[in-house]
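Visitor: I am attaching a structure below and will ask some questions about it afterwards.
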Amino acid sequence: MKRPYILSIHRKTAVLLAASCAAALIAGCGDVTQEEETLSEVIPVEAQMPVEGTLTLKNEFVGTVSPEESVYVIPMVSAEVLSTEISVGDTVVEGQELCKLDTEAAELQLASAQAQYNSAAAGVQAAEVGYEIAQAQYDSTVAQLDMQNEQTQRQKDLTMYQMQMQIDGIDSGIEDINEQLADLEENKKDAKDQRDALSKAKKNANELVKQAQTAYNAAAAAEGLLQAQARYQAAVNAVTALEMPGVTPDPTELAQAKQELEEARKALDAIKEKLKPYDADLQAAQAVAAQASSAYEQVNAGIDSIEDGEEQLRDALSDTYTSREQTETIKNLTEAQLNINSDKVQDIGKKTAALGVDSAAAQVNSAKVGAAGAQIAIDSAEYQLDMYTLTAPIGGVIEAVNVKEHDFASPQAPAFVISNKNTMTVTFGVSEGIRGTLRVGQKIEVDRNGKLYDAVITEIGSMVDQNTGLFAIKSCVNTPDDSLLTGSTVKVTADTYSQTDAILIPYDAVYYDDSQPYVYVAVNGVAQRRDVETGIFDMDTITVLSGLTTQEQLITSWSANLREGAEVSVQMISGDADNTQTTDAE
């Protein structure tokens, strides 16, 4: 920044030159004695006592107004807008309904979830019936065991042989099932590798479909397909209306209508002909995508089939192990029949029969778990249904409305923009030097077309804006009105550089010898030079950091004859100075 004292030096230099010229003229007209008398005259000067105080500089900046809080209301689903009565400038409260979307899809999903729940509930009832049947079978088994009190040794031997044969057969079956499971696991691994490859191919094909569809839509829009179709349909409707039974059309009107129909058909055919390459590309891409999807689904179905087969084999294996345990139990029971009483035999038989009851009870619990899962699906569908009503997340003013009735709302674009203007933010840029003088909580002044607002600095940026080379400063206006529009430009005034406990003197009282500042003080009627160290300054006042005290008489007026040792006549004046001055922003 250029120091303003340069202008003062130029002014003083000009005056000195003029005085020198005048002295030279006087010397040419008079004698040496007269010149000596002139130089020895007492110089009248004005003086004041330096004062100690604070000098604070103010800077002005250009700021931009924005709301403290602004939100974008984005739909969570894509759907047709059924109704909206909100306009730009409206004031809304938190939770207020902004618009309604078509809920048909969500309602169908909810109905499907309800149907699944009903089916699961029916499964619970069926499982409970099965439990009752198992309980009846248990009772029947107990009754039969009560009747089996006498067994012959021969029956025991025969039964033991048969039991062992069954166990051997079961063991052989277990071995076969394990081998089948190993084969299916290998097949499933291969199928999953194929599915992963087809999944990538399916994704690539779908991307081609999107690109082809986009190209077709762009071409159709460029060629005016929708307008041509509308024109053709209107022409068909006109001819149909004129040729209805019982209607006697004007021949000229009918001919014109048919001519319009023919022209509309030709125009539509021409556009379709132009779109054939795009349509062919789209159909080809869709065919590729369909083939990839079909292959993926076939492989996926094969995996499902393998997993179903595994599940069936595991169920069969579990049943086989259960059967083996039961057979082994029966065998042990039969073998021990000669050595134990009938009560123990019956007790073991009852426990075996109770396994069926426990299994039925487990099926009831499983069915209830399924019903609970179906209920969760209903809750999820109801939550999805709630997404079709957009409400205001905050209270404030509607800044933008991007949807209207019968348009399609989409998660890719905000439907509404709401701003809370109870508190407005003013953002302005400062240089690195001025940034160091500001602090959070500092009061500043905002000027909008002559109207002033009090504001407080809330945030000091720590990163330079690459476009402006400045640091962003944010401030808060707590009492905004309609004049502070979003995006409007304002003038910001803030205290920046400041020096406290400094000696303040008039700016024009300082002289410069090359780069050394100095002042004159009056001591016993004689002018004396004081070299000083200066600090910050404005147009009227400059701070002195050293070389001068508040007890000295500072000469503030200028004279061509003022110099070291000159006799002076001092007139004291007030030393009050304005310690604050506004300068241009950096």
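Residue-wise test of (1) within 60 Å of the chain's Cα centre (by Cα); (2) open to solvent by 80 Å² or more (accessible area, probe 1.4 Å); (3) modelled with pLDDT of 85 or more.
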position	(1), (2), (3)
GLN34	no, yes, no
GLU37	no, yes, no
ALA47	no, no, yes
THR54	yes, no, yes
THR64	yes, no, yes
VAL73	yes, no, yes
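Visitor: Residues of the stretch 155-181 being among the aliphatic types (A, V, I, L, M) and either in contact (Cβ under 8 Å) with a residue 40 or more places away in the chain or open to solvent by less than 60 Å² (accessible area, probe 1.4 Å) (or both), which ones?
Guide: Within the stretch 155-181, MET160, MET163, ILE167, ILE170, ILE174, ILE177, LEU181 qualify.
Visitor: Next up: Restricting to the stretch 350-371, give me the number of residues that are open to solvent by less than 80 Å² (accessible area, probe 1.4 Å) and closer than 16 Å to SER323 by Cβ.
Guide: Selection size over the stretch 350-371: 4.
Visitor: Follow-up. Among the candidates ALA295, ALA289, ALA264, single out the residue that is of a type in the set (A, V, I, L, M, F, W, C) and either surrounded by fewer than 18 Cβ atoms within 10 Å (Cβ to Cβ) or free of Cβ contacts under 8 Å to residues at least 12 places away in the same chain (or both).
Guide: Going through ALA295, ALA289, ALA264 in turn, the sole match is ALA295.
Visitor: Continuing with this model, one more query. Looking only at the stretch 468-478, count every residue that is modelled with pLDDT of 90 or more and either surrounded by fewer than 10 Cβ atoms within 10 Å (Cβ to Cβ) or touching a Gly at 6+ places or on another chain (Cβ under 7 Å) (or both) and tell me the total.
Guide: Residues flagged as modelled with pLDDT of 90 or more and either surrounded by fewer than 10 Cβ atoms within 10 Å (Cβ to Cβ) or touching a Gly at 6+ places or on another chain (Cβ under 7 Å) (or both) within the stretch 468-478 amount to 4.
Visitor: Only residues that are open to solvent by less than 90 Å² (accessible area, probe 1.4 Å) and on the phi < 0 side of the Ramachandran plot: list them for the stretch 232-248, please.
Guide: Selection gives TYR232, ALA234, ALA235, VAL236, ASN237, ALA238, VAL239, THR240, ALA241, LEU242, VAL247.
Visitor: Among the residues of the stretch 244-256, count how many are assigned to a helix (DSSP H, G or I) and either modelled with pLDDT of 85 or more or in contact with a Lys or Arg (Cβ under 9 Å, 6 or more places away or on another chain) (or both).
Guide: Result for the stretch 244-256: 5.
Visitor: Would the stretch 157-169 turn up any residue that is among the charged types (D, E, K, R), more than 58 Å from the chain's Cα centre (by Cα) and modelled with pLDDT of 85 or more?
Guide: yes
Visitor: For the stretch 288-304, what are the residues that are of a type in the set (Ser, Thr, Tyr) and at pLDDT below 85?
Guide: The one that is of a type in the set (Ser, Thr, Tyr) and at pLDDT below 85: TYR296.
Visitor: Next question. With (1) in contact with a helix residue (DSSP H, G or I) (Cβ under 7 Å, 6 or more places away or on another chain); (2) open to solvent by less than 70 Å² (accessible area, probe 1.4 Å); (3) farther than 30 Å from GLN180 by Cα; (4) not in a loop (DSSP other than H, G, I, E, B) as the list, and ALA218 as the residue in question, which single condition is left unmet?
Guide: (1)
Visitor: Continuing with the same structure: What pairs come up if the first residue lies in the stretch 54-68 and is touching a residue at least 12 places away in the same chain (Cβ under 8 Å), the second is of a type in the set (Phe, Trp, Tyr) and open to solvent by 10 Å² or more (accessible area, probe 1.4 Å), and their beta carbons are under 8 Å apart, counting only those six or more places apart or on different chains?
Guide: LEU55/PHE537; THR56/TYR497; LEU57/TYR497
Visitor: Does GLU253 count as over 49 Å from the mean Cα position of the chain (by Cα), surrounded by fewer than 12 Cβ atoms within 10 Å (Cβ to Cβ) and of a type in the set (D, E, K, R)?
Guide: Yes: the conditions hold for GLU253.
Visitor: Could you list, in sequence order, the residues of the stretch 403-430 that are polar (S, T, N, Q), over 18 Å from the mean Cα position of the chain (by Cα) and surrounded by fewer than 19 Cβ atoms within 10 Å (Cβ to Cβ)?
Guide: Of everything in the stretch 403-430, those that are polar (S, T, N, Q), over 18 Å from the mean Cα position of the chain (by Cα) and surrounded by fewer than 19 Cβ atoms within 10 Å (Cβ to Cβ) turn out to be ASN422, THR423, THR427.
Visitor: What residue, of GLU307, GLU273, is open to solvent by 30 Å² or more (accessible area, probe 1.4 Å), more than 30 Å from ASP176 (Cβ to Cβ), assigned to a helix (DSSP H, G or I) and acidic (Asp, Glu)?
Guide: Matching residue, one of GLU307, GLU273: GLU273.
Visitor: May I ask you to list the residues in the stretch 483-502 that are within 28 Å of the chain's Cα centre (by Cα) and either surrounded by fewer than 20 Cβ atoms within 10 Å (Cβ to Cβ) or of a type in the set (Gly, Ala, Ser) (or both)?
Guide: LEU485, THR486, GLY487, SER488, THR489
Visitor: List every residue pair whose Cβ atoms lie under 7 Å apart, where the two residues are 6 or more positions apart in sequence or sit on different chains, the first residue falls within the stretch 479-491 and is modelled with pLDDT of 85 or more, and the second residue, located anywhere, is open to solvent by 80 Å² or more (accessible area, probe 1.4 Å).
Guide: Between residues of the stretch 479-491 that are modelled with pLDDT of 85 or more and residues that are open to solvent by 80 Å² or more (accessible area, probe 1.4 Å), the close pairs are THR489/VAL62; LYS491/VAL62.
Visitor: Could you say whether any residue in the stretch 100-120 is within 26 Å of ILE394 (Cα to Cα), open to solvent by less than 60 Å² (accessible area, probe 1.4 Å) and at pLDDT 80 or above?
Guide: yes
Visitor: Does the stretch 551-571 include one or more residues that are under 15 Å from VAL51 (Cβ atoms) and either surrounded by fewer than 12 Cβ atoms within 10 Å (Cβ to Cβ) or without any contact (Cβ under 8 Å) to a residue 12 or more places away in the chain (or both)?
Guide: yes
Visitor: A further question on this structure: Under 24 Å from SER488 (Cα atoms) and either in contact with a strand residue (DSSP E or B) (Cβ under 6 Å, 6 or more places away or on another chain) or at pLDDT below 85 (or both): is that true of ILE378 in this structure?
Guide: The answer is no for ILE378.
Visitor: Going residue by residue through the stretch 513-528, is there one that turns out to be open to solvent by 50 Å² or more (accessible area, probe 1.4 Å), within 26 Å of THR56 (Cα to Cα), touching a residue at least 24 places away in the same chain (Cβ under 8 Å) and not aliphatic (A, V, I, L, M)?
Guide: no
The values are calculated or read from the model by the stated rules, or taken from the named source; none is laboratory data. Since the structure is predicted, the reported quantities are computational estimates derived from the model, not experimental observations. Backbone-built Cβ (ideal geometry, glycine too); neighbour counts: all protein chains shown. Heads up: the accessible areas ignore ligands, DNA and RNA and are worked out on the full protein's heavy atoms, side chains in. Shrake-Rupley method; radii C 1.70, N 1.55, O 1.52, S 1.80 Å.
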